[in-house]
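Any read-out appearing in this document is the output of simple, stated calculations on the displayed coordinates, not a laboratory observation. On a predicted model such as this, the values are computed, not experimentally measured, just so you know. All Cβ positions, glycine included, derive from the backbone under ideal geometry; neighbour counts span all protein chains shown.
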Amino acid sequence: MTTPGAITFRDARMEDAEAMSALVITLTQRWIAPDCTQGGVARLMDSMSPARTAQRLREGHRHVVAERDRRIVGVAALRLPSHLYHLFVADDAQRCGIARRLWNEVRTSAAPGTPITVNASLHAFDAYLRMGFEPAGPARLEDGVRSVPMVFPAR
């Protein structure tokens, strides 16, 4: 699956766990952590470790990566049947349609006729709106992590 600009999209493999984790942790520290408590950040970092990423891959969650020049620049992950828990694009690869393409790739694995949920960071809220998600409640601080529950209606 290749698009113009030498970006390649593919299903993640076990050997991608470390690079996926590094990307997600870096972006979380920059864009999500400032809105969370110290304990929330610690929980997020633990959940994004290479070991936990590999565990989710083994469990069969759908992971799609975007690569440029053999470097992972984007990650999307869907916990089946229908919860999007990662959609991250490297800062130097944003505004090129990568997030939308990752989203379109990963959502094909959701259970048919089931709404897809996400806990959107405050930073990503508008991007999720543009992709068709709708708020499902007000912003909240849960276990030290600030997010807005959102849903992509069943289609």
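Take every Cα pair under 8 Å whose residues are at least 6 apart in sequence, average their separation, divide by the length of segment 1-140, and the relative contact order is 22 percent. Rounded to 0.05, the FRET efficiency of the Tyr85 and Gln29 pair, given R0 = 22 Å and the Cβ-Cβ distance, is 0.80. Estimated from helices alone, the mean residue ellipticity of the chain at 222 nm is -9500 deg cm²/dmol (sum of -39500 (n - 2.57) over DSSP H runs with n ≥ 4, per residue). Loop-located trypsin sites (Lys or Arg not before Pro) in segment 1-105 (DSSP state not H, G, I, E or B) with no more than 12 neighbouring Cβ atoms inside 10 Å: Arg13, Arg70, Arg95.
Quote the FRET efficiency, to the nearest 0.05, computed for Ala42 versus Ala154 with a Förster distance R0 of 35 Å and r equal to the Cβ-Cβ distance.
Working: r = 35 Å, r/R0 = 0.99.
Working from the Cβ atoms, E equals 0.50.
Rounded, prolate or oblate: which fits the chain, taking a ≥ b ≥ c as square roots of the Cα gyration tensor eigenvalues, rounded meaning a/c under 1.5, else prolate when a/b beats b/c? In terms of gyration-tensor shape, rounded.
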